[in-house]
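The values are calculated or read from the model by the stated rules, or taken from the named source; none is laboratory data. Owing to the predicted nature of the structure, the values given are computational and were not obtained by experimental measurement. Cβ atoms come from the backbone with ideal geometry, glycine included; neighbour counts cover every protein chain shown. Protein only, heavy atoms only, side chains kept; ligands, DNA and RNA dropped before computing areas. Shrake-Rupley method; radii C 1.70, N 1.55, O 1.52, S 1.80 Å.
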Amino acid sequence: MTTTQSTWPAVPDHDTTAATGPAAEQAVLDRVPRGLLIDGHWVDAADGATFDVVDPATGDVLARIADATPADGLRALDAADAARHGWATTPPRQRAEVLRRAFDLLQERREEFALLMTLEMGKPLAEARGEVTYGGEFLRWFSEEAVRIGGDHSTNPEGTGRAFVTHKPVGPALLITPWNFPLAMATRKVAPALAAGCTVVVKPAELTPLTTLLFADLLLEAGVPAGVVNVVPTTTAGDVCGPVIADPRLRKLSFTGSTPVGRTLLAQAAQNVLRTSMELGGNAPFLVFEDADLDLAVDAALAAKFRNTGQACTAANRFLVHEDVAAEFADRVTARVGAMRVGRGTEDGVAIGPLIDDRAVAKADRLVTDAVERGAVVRTGGHPVAGPGTFYAPTVLTDVQPGSAILDDEIFGPVLAIRTFRTEDEAVAAANDTEYGLIAYACTEDPARGQRLMETLETGMLGLNTGVVSNAAAPFGGVKQSGTGREGGAEGIAEYLETMYTLTPDPFRRTKGAQR
Ligand code: NAP
């Protein structure tokens, strides 16, 4: 299939200075390719359609980009399939060096990527810089993993044969990412896929596609060959992804997003018996025991709750605090939360940016209203903030009652909701009382209790006396309805590798057809 050359203007050279302000913002936006990336070319959508990407802090249009059609999705898969063999047989060292170059380029351009994420997603600039660091680490980590894809050789128990276990790239992969971490969710999938030797089609979130487009441009600069990475932003995700998922050339689906969409995609993937990785929603409990170091617990709680303005799958959703320390914990977090500055993420000192859109504000407000109607007390915040932009005041609720929707639903906003408990068993039962199992947090100075929690909490990850666990070298992922598979760590590359074994007769018993 042929690709259409873009009518989008050429992309100017990038500026690596740490400037902010309207000129710096425009310079960064001018750097972002506006087309789809298919087979190494920036191209228009098949029907020429485009869509606008908006700054959630102002409602202003940031850029107008190509809107992929189902035909474009399949064109992208054509390219990924055509490039499949060449990339799979590219020496691991060469694949590693491309990823390492991408890491180095990202370091050079970190301010540009940070500012772009703040513009399209709203997170405070300091957090966006943190995401560049975190997201970049996946490029470095998997550049190191690319050359360590091992195998195994064993004699079978009967002594009659030898088994060789090898690992091969699974094949073309569709990578679907959410809007809340526009860079890190892309690097966490693209880096292990490329390290393993897989080609990819990336479908970024409609609300935040610009960072992925800029990242794809960086990958080309780093030496990723045409067709190895293809990017198809779209306003019709289901229509574009459906035919790709149904196509027998696709061999892997990796998705990060909500549990309901994950369920739909798993059902679609089953028809093609695809390998899948599902990083889905969470409902993280944050346990504070009576023996906790409260200074540490408060710092960890604020990090676990308010990072990304509460819009993280790892965000603490339910604070379960021992009744002996609940009043002091609530007073301390209220003082800190009440002082948080709300505003556009580019402004100095802003801790709380906008929520991603009106629906997110309405959801946070609905959950707070329901909790208050059932008896919760608003200690600070508890209301939307007047626009422009889609802001919700950082909020602390105490006395949240069982049955409140806020205990079951992912809040995805800056609302810290506190319940109390009396015993460890009660706390663990409450923590596990959810269909989700992505992450839990616990603050305790008792090592034995910490070890017990590692065994009793139903979770893929546990932050023990810390509010941030994400690390490229660790296997990120959940249990129960928070998903399957792991991203990062040694496990991350395995998600993109098939295991195969070859059995041969014992070489000492068989030469030229004759038994020795
Ligand atoms: P979402 O609505 O499920 O969307 C995620 C991605 O899926 C977007 O790119 C979306 O495209 C796409 N999508 C939606 N419907 C689709 C369909 N029928 N077929 C193919 N693709 C489809 O989630 P979100 O609101 O962007 O992200 C927030 C959710 O992600 C939260 O639940 C959060 O917990 C979860 N999350 C999980 C992790 C983790 O590692 N476990 C990390 C981050 C976020 P559009 O943008 O066009 O709708």
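For segment 28-36, putting each phi into the Karplus relation 6.51 cos²θ - 1.76 cosθ + 1.60 with θ = phi - 60° gives couplings of 5, 4, 5, 6, 7, x, 9, x, 8 Hz, in residue order, rounded to whole numbers and with x for Gly and Pro.
Restricting things to Cα coordinates, could you compute the convex hull volume per residue of segment 413-500 in Å³?
Values: hull volume 12.3 nm³, N = 88.
Once divided by residue count, the hull of segment 413-500 is 139 Å³.
Size descriptors for segment 170-292 (Cα atoms only): Rg and Dmax, in that order, 15.8, 57 Å. Shape of segment 284-464 from its Cα gyration tensor (a ≥ b ≥ c, root eigenvalues): rounded if a/c is under 1.5, otherwise prolate when a/b > b/c, or oblate? Taking the square roots of the gyration eigenvalues as a ≥ b ≥ c, segment 284-464 is prolate. A helix-only calculation puts the chain at -12000 deg cm²/dmol for mean residue ellipticity at 222 nm, using -39500 (n - 2.57) for each DSSP H run of at least four residues, averaged over all residues.
May I ask for the net charge around R64, where only other residues with Cβ less than 9 Å from the Cβ of R64 are counted and Lys, Arg are +1 while Asp, Glu are -1?
Details: positive: R34; negative: D52.
For residues surrounding R64, the net value is 0.
So between T89 and D433, what do we pick up on full extension, going 0.36 nm a residue minus the alpha carbon distance?
Working: separation 344, 0.36 × 344 = 123.84 nm, distance 4.74 nm.
Gain in length upon complete extension: 119.1 nm.
Please say if the chain is rounded, prolate or oblate, where rounded means a/c under 1.5 for a ≥ b ≥ c the square roots of the C-alpha gyration tensor eigenvalues, and otherwise the choice is prolate for a/b larger than b/c and oblate otherwise? Here the chain falls in the oblate category. Ligands, DNA and RNA left out, the accessible area of the chain computed with a 1.4 Å probe is 52% carbon and sulfur. Per residue, the solvent-accessible area of the chain (1.4 Å probe, heavy atoms of protein chains only, all protein chains present) comes to 39 Å².
Each residue of segment 294-303 was assigned a 3J(HN,Hα) from its phi angle through the Karplus expression (A = 6.51, B = -1.76, C = 1.60, θ = phi - 60°), giving 5, 4, 5, 4, 5, 4, 5, 4, 5, 5 Hz with x at Gly and Pro.
Rolling a 1.4 Å probe over the protein heavy atoms leaves C313 with an accessible area of roughly 30 Å².
Just report the Cα centroid separation between segment 22-75 and segment 391-433, whole Å. For segment 22-75 versus segment 391-433, the Cα centre distance is 39 Å.
Out of the DSSP beta bridges found with both residues in the chain, what percent are antiparallel (nearest 5)? For the chain, the DSSP antiparallel bridge percentage is about 50. Taking Lys and Arg as +1 and Asp and Glu as -1, the other residues whose beta-carbon sits under 9 Å from that of F319 total +3.
Could you tell me the calculated FRET efficiency between Q107 and D409, based on Cβ-Cβ distance and R0 = 30 angstrom, to the nearest 0.05? Show your work: numbers first, answer last.
On the way: r = 38 Å, r/R0 = 1.28.
According to the calculation, E is roughly 0.20.
Largest first, the three principal axis extents of the alpha carbons in segment 40-166 are 71, 39, 25 Å in whole numbers. Between segment 239-288 and segment 320-349, the alpha-carbon centres lie 35 Å apart.
Taking a sphere under 11 Å around the Cβ of R307 and counting the other residues whose Cβ falls inside, with K and R at +1 and D and E at -1, yields a net charge of 0. Listed by chain and number, the lysines whose C-alpha is less than 30 Å from the C-alpha of K363, apart from same-chain residues fewer than 8 away, are K123, K189, K203, K305, K480. Mind checking which of A27, F103, T50 is farthest towards the positive end of segment 10-146's charge dipole, using Cβ charges of +1 (Lys, Arg) and -1 (Asp, Glu) about the Cα centre? Looking along the dipole axis, the top candidate is F103.
Using the Cα gyration tensor of segment 235-383, with a ≥ b ≥ c the square roots of its eigenvalues, what is the shape: rounded (a/c below 1.5), prolate (a/b larger than b/c) or oblate (neither)? Let's see the in-between values first.
Working: a/c = 2.48, a/b = 1.99, b/c = 1.24.
Judged from the Cα gyration tensor, segment 235-383 comes out prolate (a/c at least 1.5, a/b above b/c).
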